[in-house]
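Accompanying notes for the structure given below.
The values are calculated or read from the model by the stated rules, or taken from the named source; none is laboratory data. A quick note: this is a predicted structure, and the numbers were derived from the prediction, not measured. Reconstructed Cβ throughout: ideal geometry from the backbone, glycine too, with neighbour counts over all protein chains shown.
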Amino acid sequence: MNTFKLTVAILCGVALMGFGCSPTDRLAEKATESAINAQLDGQANVDIEEGMIRYEDAETGAVSAWGENIDVPETFPSDVPRYENGNVVGVTISEDGAWISYATSDSVEMAISWYEDRLVSEGWTRQASYSIRGSEMRSFAKDDATITVSASTDESSDAKTSVMIVRSAS
């Protein structure tokens with residue numbers, strides 16, 4: 001699965017559409033589906049609902065969703081803690097791993113500290129720590145898995161901070 005091509009195809013689709021259920025939106029949904037299928041040689045299923053787009057690849061089982069207050073699929077890895085004070089704005093599950101993105105009014109420091117405390121208490125070992133221009137990133141390992149947590153100020157939204165958690169198997 002080429003994640004870059006998938007991301008580009010989906011972003012193009014999002015740029016072409018307004019979220020909703022009008023005939024124009026259905027046309028945008030089909031155009032997005034076609035763009036994704038062309039890039040991935042797969043059978044994509046794209047659903048556009050008010051404030052959300054959801055993609056599912058029938059061949060691989062990969063699932064992605066973007067929008068506001070997204071429901072996290074049941075197949076999302078259970079060892080990734082859910083941020084209690086954030087709204088889920090993106091989630092992806094694929095054969096390569098999973099990621100989840102939150103918008104929160106908490107500070108970068110609060111979000112990073114919450115994840116660091118939680119993951120360490122659950123047996124994860126901190127592997128790396130980076131601070132760059134107000135953004136923070138931490139990497140943790142446990143068994144054959146890695147979780148990377150990054151948080152940065154989001155000036156483009158009402159939320160104060162964007163938090164992204166990526167989980168991959170080693």
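Observations on the structure shown:
- Among the conditions (1) crowded, with 16+ Cβ neighbours inside 10 Å; (2) in a helix (DSSP H, G or I); (3) among the acidic types (Asp, Glu), ASP117 misses just one, which is (1).
- Those strands (runs of 3 or more DSSP E) of segment 128-170 in which 1 or more residues are aromatic (Phe, Trp, Tyr) occupy 135-142.
- Within segment 64-81, residues that are farther than 20 Å from GLU95 by Cβ sit with their Cβ atoms under 8 Å from residues that are in a loop (DSSP other than H, G, I, E, B) and at pLDDT 95 or above, at 6+ positions apart or across chains, in these pairs: PRO81/GLU122.
- Among the candidates ALA169, ALA151, residue that is touching a residue at least 40 places away in the same chain (Cβ under 8 Å), in contact with a helix residue (DSSP H, G or I) (Cβ under 7 Å, 6 or more places away or on another chain) and either closer than 19 Å to MET52 by Cα or aliphatic (A, V, I, L, M) (or both): ALA151
- Residues that are surrounded by 14 or more Cβ atoms within 10 Å (Cβ to Cβ) and modelled with pLDDT of 95 or more within segment 121-135 comprise just one, TRP124.
- Taken across segment 107-118, residues that are touching a residue at least 60 places away in the same chain (Cβ under 8 Å) and in the same structural domain as PRO81 (by TED's automatic domain parsing) do not occur at all.
- Among (1) farther than 17 Å from MET164 by Cβ; (2) touching a residue at least 12 places away in the same chain (Cβ under 8 Å); (3) not in a strand (DSSP E or B), the one test that ASN85 misses: (1)
- Criterion (free of Cβ contacts under 8 Å to residues at least 60 places away in the same chain and among the aromatic types (Phe, Trp, Tyr)) met by exactly one of TRP99, TRP124: TRP124
Condition check ((1) surrounded by 14 or more Cβ atoms within 10 Å (Cβ to Cβ); (2) under 24 Å from SER152 (Cα atoms); (3) at pLDDT 90 or above) across all residues:
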site: GLY42; (1), (2), (3): yes, no, no
site: ILE48; (1), (2), (3): yes, no, no
site: MET52; (1), (2), (3): yes, yes, no
site: GLU56; (1), (2), (3): yes, no, no
site: SER64; (1), (2), (3): yes, yes, no
site: ASN69; (1), (2), (3): no, yes, no
site: PRO73; (1), (2), (3): yes, no, no
site: PRO81; (1), (2), (3): yes, yes, yes
site: MET110; (1), (2), (3): yes, yes, yes
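- The numbered conditions (1) of a type in the set (S, T, N, Q); (2) surrounded by 12 or more Cβ atoms within 10 Å (Cβ to Cβ); (3) under 28 Å from GLY67 (Cβ atoms); (4) free of Cβ contacts under 8 Å to residues at least 60 places away in the same chain are all true for SER162 except (4).
- Filter result for THR92 (surrounded by fewer than 20 Cβ atoms within 10 Å (Cβ to Cβ), assigned to a strand (DSSP E or B) and β-branched (Val, Ile, Thr)): no
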